[in-house]
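Colleague: Got a structure for you, written out below as structure tokens; questions coming shortly.
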Amino acid sequence: MKMASLAHNVKRPYSELASAYDQTIGWPAFHRARRAFEALARRYGLRFRSAADIGCGTGLFARYLSDCWGAPVLAVDISPEMLRVAEGNCSGANVRLLRQDIRCLRLPGPVDLVTSNFDALNHLTGEGELRVAFQCISRNLRPGGHLYFDLVTPCQPLGGGTTYARRMNTRGRQVTQRIRWDRTRRMISIFVAIRSMDSPRPTLEVHRERAYLFAEVGRWLMDAGFVIRGVHDAATLLPATGCPARIIVVAQKAGARATNRIRRMRSGSKAGLPRVGEDGAPGAERAPGENNCQRSKMLRACEK
């Protein structure tokens, strides 16, 4: 398929993919995200009475947090099409949908937990945008609250190659992804072609992501008043060593005194992420989500 031939039929990111997202990408990604969250929530003893899922997409993870952890959830995304799907996925759950830009996040009130999965923060590609996002997230978290997110790094994000392609079929549609990695710019370009049975021409969406280094992420989190509790390899969930392609970060918003102390330390240091995996250890206690999720009819039905 020649991408140039589709130039006249290019659509806004997620405007066409949204309706096919869960069946092609969303559910497999959700299951991985759920397993990782439950393991790390148990490791770090995460407890929360309110949450926000930013870059929520079709709302699967927001629904999970509401159903399985018994917390009211704010689900935030910039795409109206993805939020339209999320409205159906979150029907009957204690989830409120908000259309907002992460870079100027303004929740109705502070929450105990903010999550961001599925490369959502990598979609912030402009200079300084992720740093601004961390500051906005911090302002919307209660002191002691946690930020949990995944992130693609520049360490062989495509398994060492520079291109990757895959094709997925669902209910009368074929979705093809062609992914290119620009090592020099640390940019990932994702060309998504959607071919429908009732349309002679496929449509094309172009998604961009920026890969971020450990050190810069650590500095920006600390500048925003976070203490980094752990960084894990997303593939194994072990404490990150070397340079994994994708990481999961657990950070906690410090109180005012601790924040000032961190900033004073940062002013004379070039340190990035601290040594990881030293705060918290696996325990035998089951996370609330593992018990309570049996009540979720929606999640249970879709897992079959």
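The values are calculated or read from the model by the stated rules, or taken from the named source; none is laboratory data. Treat the numbers as computed from the prediction; the structure is a model and nothing was measured. Glycine also receives a Cβ, built like all others from the backbone with ideal geometry; neighbour counts cover every protein chain displayed.
So that you can scan it fast, the table gives a plain yes or no per residue for (1) surrounded by fewer than 14 Cβ atoms within 10 Å (Cβ to Cβ); (2) at pLDDT 90 or above; (3) in the same structural domain as ASP53 (by TED's automatic domain parsing):
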{"residue": "VAL132", "(1), (2), (3)": "no, yes, yes"}
{"residue": "GLN135", "(1), (2), (3)": "no, yes, yes"}
{"residue": "SER138", "(1), (2), (3)": "no, yes, yes"}
{"residue": "LEU141", "(1), (2), (3)": "no, yes, yes"}
{"residue": "GLY145", "(1), (2), (3)": "no, yes, yes"}
{"residue": "GLY161", "(1), (2), (3)": "yes, no, no"}
{"residue": "ALA165", "(1), (2), (3)": "yes, yes, no"}
{"residue": "ARG171", "(1), (2), (3)": "yes, no, no"}
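Colleague: Identify the single condition in (1) within 13 Å of the chain's Cα centre (by Cα); (2) part of a loop (DSSP other than H, G, I, E, B) that PRO154 does not satisfy, given that it satisfies every other one.
Modeller: The single condition PRO154 does not satisfy is (1).
Colleague: Restricted to the range 229-249, and to residues that are in a strand (DSSP E or B) and within 17 Å of the chain's Cα centre (by Cα), which residue is farthest from SER189 (Cα to Cα)? So that I can check it myself, show each step before the final result.
Modeller: Keep residues of the range 229-249 that are in a strand (DSSP E or B), which gives 229-233, 239, 246-249.
Those still in the list that are within 17 Å of the chain's Cα centre (by Cα) too: 230-233, 246-249.
Working: GLY230: 29, VAL231: 25, HIS232: 25, ASP233: 23, ARG246: 17, ILE247: 19, ILE248: 22, VAL249: 24 Å.
Among residues in the range 229-249 that are in a strand (DSSP E or B) and within 17 Å of the chain's Cα centre (by Cα), the one farthest from SER189 (Cα to Cα) is GLY230.
Colleague: Would you pick out the residues in the range 187-204 that are surrounded by 18 or more Cβ atoms within 10 Å (Cβ to Cβ) and either charged (D, E, K, R) or closer than 15 Å to ARG167 by Cα (or both)? First the steps, then the outcome.
Modeller: Taking the range 187-204 as the starting set, the residues that turn out to be surrounded by 18 or more Cβ atoms within 10 Å (Cβ to Cβ) are 188, 191-194, 202, 204.
Hits for the range 187-204 are PHE191, VAL192, ALA193, ILE194, PRO202, LEU204.
Colleague: It is to be established whether one or more residues within the range 34-50 are at negative phi, part of a helix (DSSP H, G or I) and acidic (Asp, Glu).
Modeller: Within the range 34-50, the subset at negative phi is 34-44, 46-50.
Adding the requirement that they be part of a helix (DSSP H, G or I) leaves 34-44.
Pick out the ones that are also acidic (Asp, Glu) and you get 38.
Taking every residue of the range 34-50 in turn, at least one turns out to be at negative phi, part of a helix (DSSP H, G or I) and acidic (Asp, Glu).
Colleague: Let me ask something else. Taking LEU65 as the residue in question, decide whether it is crowded, with 20+ Cβ neighbours inside 10 Å and either of a type outside the set (Asp, Glu) or under 28 Å from SER199 (Cβ atoms) (or both). Full working, then the answer.
Modeller: Details: crowded, with 20+ Cβ neighbours inside 10 Å: yes; either of a type outside the set (Asp, Glu) or under 28 Å from SER199 (Cβ atoms) (or both): yes.
Yes: the conditions hold for LEU65.
Results for (1) more than 23 Å from LEU17 (Cα to Cα); (2) assigned by TED's automatic domain parsing to the domain that holds VAL114; (3) assigned to a helix (DSSP H, G or I), shown as yes or no for each residue.
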{"residue": "THR58", "(1), (2), (3)": "no, yes, no"}
{"residue": "ALA75", "(1), (2), (3)": "no, yes, no"}
{"residue": "GLU81", "(1), (2), (3)": "no, yes, yes"}
{"residue": "GLU87", "(1), (2), (3)": "no, yes, yes"}
{"residue": "ALA93", "(1), (2), (3)": "yes, yes, no"}
{"residue": "LEU97", "(1), (2), (3)": "no, yes, no"}
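Colleague: Within the range 27-47, which residues are in contact with a Leu (Cβ under 6 Å, 6 or more places away or on another chain) and surrounded by 20 or more Cβ atoms within 10 Å (Cβ to Cβ)?
Modeller: Within the range 27-47, just PHE30 meets the criteria.
Colleague: Mind checking which residues of the range 112-130 are surrounded by fewer than 23 Cβ atoms within 10 Å (Cβ to Cβ) and more than 13 Å from the chain's Cα centre (by Cα)?
Modeller: ASP112, THR125, GLY126, GLU127, GLY128, GLU129
Colleague: Which of the residues belonging to the range 205-218 are of a type in the set (A, V, I, L, M, F, W, C) and either assigned to a loop (DSSP other than H, G, I, E, B) or surrounded by fewer than 18 Cβ atoms within 10 Å (Cβ to Cβ) (or both)?
Modeller: Our first condition is that a residue be of a type in the set (A, V, I, L, M, F, W, C); within the range 205-218, this holds for 206, 211, 213-215, 217.
Passing the criteria: VAL206, ALA211, LEU213, ALA215.
Colleague: State yes or no: is TYR64 at pLDDT 95 or above, more than 25 Å from SER138 (Cβ to Cβ) and in contact with a Phe, Trp or Tyr (Cβ under 8 Å, 6 or more places away or on another chain)?
Modeller: Details: at pLDDT 95 or above: yes; more than 25 Å from SER138 (Cβ to Cβ): no; in contact with a Phe, Trp or Tyr (Cβ under 8 Å, 6 or more places away or on another chain): yes.
Taking the combined requirement at face value, the residue does not satisfy it.
Colleague: How many of the residues in the range 129-142 are farther than 13 Å from ALA251 by Cβ and in a strand (DSSP E or B)?
Modeller: Residues that pass the stated criteria total 1.
Colleague: Criterion first (of a type outside the set (Phe, Trp, Tyr), assigned by TED's automatic domain parsing to the domain that holds TYR64, part of a loop (DSSP other than H, G, I, E, B) and within 22 Å of GLY55 (Cβ to Cβ)) does LEU107 satisfy it?
Modeller: yes
Colleague: Separate question: Looking at the range 19-44, I want the residues that are hydroxyl-bearing (Ser, Thr, Tyr) and have a partner that is surrounded by fewer than 19 Cβ atoms within 10 Å (Cβ to Cβ) with Cβ atoms under 9 Å, at least 6 apart or on another chain. Which pairs are those?
Modeller: From residues that are hydroxyl-bearing (Ser, Thr, Tyr), the pairs are SER19/ARG84; THR24/MET168; THR24/ASN169; THR24/THR170; THR24/GLN177; TYR44/ASP279; TYR44/GLY280.
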